[in-house]
Amino acid sequence: MNRYLIISKNWLGYATVVSLLCLLVYAVAQQNFRQSANDPQYQLAQDAVNAINRGTDPKLLTGTQRLDLASTLSPYVLIYDVNGNAVGNSITLDGQIPKPPAGALNEVRSNGVNSVTWQPRAGIRQATVMMTTNKGYVVVAGRSLQNTEEHISRLGTLVLFGWAASLVAMLVIVFLQELMVGKMNHG
């Protein structure tokens, strides 16, 4: 059998395993980055819900500083009443109070909690956690995904580099093994 055919068949098996492992590593790490991006918002939302449930006026929970959603990396809180009107907010977008999609707000009203990636416009992606209070308010806590997406991008570059280097290393190993076998058979 042609030596190069043997090398390519052996390498293809190794390449498949390496590729699957690299995909698995990327998928697990990417999901860990993304899911961890929600952690501060869960705390902010739960603290606001607890305060409202104890009787605190929702307007007092978001502070007075207005952050621009398009440029801030800081976490923020928005609070909506039972009619969907903002009653407390610490964030604006283009001078207006942004509102998450109606479907996301309906989901939180049905299930009590909802976490979604919200993109109010191109280039602005937010990790948001929404919770309802026992008084009918919806608390939305969010923050930019910019840093998280940069981490995921670097992860992708590293996994891609590792995948390519592994494929080349496997090709060299398979080639050297075949050379050794060939020498043993002829020597």
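Here, each number is a calculation from the coordinates, and none is a lab measurement. Not measured: the values here are computed from a predicted model. So basically every Cβ, Gly included, is an ideal-geometry build from the backbone, and we count neighbours across all protein chains shown.
Given the criterion of a type in the set (A, V, I, L, M, F, W, C) and surrounded by fewer than 16 Cβ atoms within 10 Å (Cβ to Cβ), identify the matching residue among Val168, Val159. If you could, list the steps in order and put the result at the bottom.
Values: Val159 fails: surrounded by fewer than 16 Cβ atoms within 10 Å (Cβ to Cβ).
The unique qualifying residue is Val168.
Quick check on this structure: which one of Met131, Met180 is of a type outside the set (S, T, N, Q), out of contact with any Lys or Arg (no Cβ under 7 Å at 6 or more places or on another chain) and under 30 Å from Ile91 (Cβ atoms)? It would help to see each step written out before you state the result.
Working: Met180 fails: under 30 Å from Ile91 (Cβ atoms).
Going through Met131, Met180 in turn, just one is of a type outside the set (S, T, N, Q), out of contact with any Lys or Arg (no Cβ under 7 Å at 6 or more places or on another chain) and under 30 Å from Ile91 (Cβ atoms): Met131.
Out of curiosity, is Gly88 assigned to a strand (DSSP E or B) and more than 22 Å from Gly123 (Cβ to Cβ)? Outline the logic, then answer.
Numbers: assigned to a strand (DSSP E or B): yes; more than 22 Å from Gly123 (Cβ to Cβ): yes.
Taking the combined requirement at face value, the residue satisfies it.
Quick check on my filter: what residues within region 45-75 are in contact with a strand residue (DSSP E or B) (Cβ under 8 Å, 6 or more places away or on another chain), surrounded by 15 or more Cβ atoms within 10 Å (Cβ to Cβ) and not in a loop (DSSP other than H, G, I, E, B)?
Ala45, Gln46, Ala48, Val49, Ile52, Pro58, Leu67
Go through region 105-187 and tell me which strands (runs of 3 or more DSSP E), entirely inside it, have 3 or more residues that are more than 13 Å from the chain's Cα centre (by Cα) and among the hydrophobic types (A, V, I, L, M, F, W, C). Give the steps one after another, and end with the answer.
Values: elements: 113-121, 124-132, 138-144.
In region 105-187, the matching strands (runs of 3 or more DSSP E) lie at 124-132, 138-144.
So, in region 75-115, how many residues would count as being touching a Gly at 6+ places or on another chain (Cβ under 9 Å) and either farther than 22 Å from Asn53 by Cα or hydrophobic (A, V, I, L, M, F, W, C) (or both)?
Qualifying residue count, region 75-115: 9.
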